[in-house]
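To keep things clear, I will list the structure first and then write my remarks on it.
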There are 2 protein chains.
Amino acid sequence: MTAQRLNVIREVLASSPVASQDELRRKLRRRGIHVTQATLSRDIHKLRLSKGPGGYSLPNGHNVPTIAAAAEEDQPLSLGEMIDSFGLRVRQAMNQVVLSTVMGGAQPVAAALDREEWPEVVGTIAGDDTVLLICTDSRHASEVETRLRTMLEV
Amino acid sequence: MTAQRLNVIREVLASSPVASQDELRRKLRRRGIHVTQATLSRDIHKLRLSKGPGGYSLPNGHNVPTIAAAAEEDQPLSLGEMIDSFGLRVRQAMNQVVLSTVMGGAQPVAAALDREEWPEVVGTIAGDDTVLLICTDSRHASEVETRLRTMLEV
DNA sequence: GGTAGGCCTGTATAAGTATGCAACACATAT
DNA sequence: ATATGTGTTGCATACTTATACAGGCCTACC
């Protein structure tokens, strides 16, 4: 019963913009479904819809709400686990640290690094198998390198 | 004044989830920005943010027709427009400048930067949300940083 | 049977968001 | 200098959404 209503809601959203739960309620009523706004609030939560300019939208594609939601649900791996799983070697040059990983491992490792928010790391860039860490200076880069190397060798 | 606040809002959203406008208000207050919920409601409208499970999120997904259309319609956006649309913050270290953008914004911003062909920029590297500019030297990097920061804050 | 737990719902209301209005600041035009 | 237009803000409040609560309907298991 509920599941069927959720499907109809998806249909309605796909066919025309919906600006509010009360508008959705009226559109559903035209299709023979008669529920209150409260129920729709719960349905919207179940469907993990997001509301933006243009009304409610399905959590398809690469839109941010989905990503944010996914990040909330499953706890992302810790940096240590990441390095342990994907890291290959670490090298330093000037104020930069280059972290080599298995193919495809750079992005998740960089994400984990970003989550750490190390103050001496200005930013990270990830390719396919390489993460570049930009540090504030050479000394801090050296510290970061040591830290990462320790994680690798454990 | 407003534009700067909008940038801070983007930063706050990029760094941690925000569940309500009042929570956003408190986070901004910690950064010295003191406005009411009403103003934030208007800011959120200007930024075309959407709210879903996981709180408010930036409109970098391709699910918002208006944004997507605007980005694909005209000739490639100018660097200024790029920075204004996607840029979050700029920091300099040594001969490098790191430009943080919203997720997915780095590639187009880097392309726009390349088009500029600034003589003091030797090259650029783009990840998902970070652009690295390699400059000829520290002084030039500082100039570039200032230039980009100006674009951000206007 | 009867009881307990789970799920779904509407009601009432709390929580959150948008907006009309007036005040003010600043720019440009008269 | 005064007027006019544009833009921003806070306040108060209308509008919208979420939720505590209670009741109904199942099913499972004494």
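Under the definition of partner shielding as Cβ atoms of other protein chains within 10 Å of a residue Cβ, what is the mean value for peptide B:89-95?
4
Using the structure shown, select from A:Lys46/B:Lys46; A:Lys27/B:Lys46; A:Lys51/B:Lys27 the pairs with a Cα to Cα distance greater than 26 angstrom.
Cα-Cα > 26 Å for A:Lys46/B:Lys46; A:Lys27/B:Lys46; rest within.
Can you list the distances in nanometres, one decimal and ascending, from the A:Thr36 label point to the identical position in each other copy, with the point 7 Å along Cα to Cβ?
Reported distances to equivalent positions: 3.2 nm.
What does the average come to when, for each residue of peptide A:115-124, you count the partner chain Cβ atoms lying within 10 Å of its Cβ?
3
Laboratory data are not the source of any read-out in this text; all were calculated from the coordinates shown. Just so we're clear, the structure is a prediction, and the values are computed from it rather than from any experiment. Note that we place each Cβ from the backbone using ideal geometry, even for glycine, and neighbour counts take in every protein chain shown.
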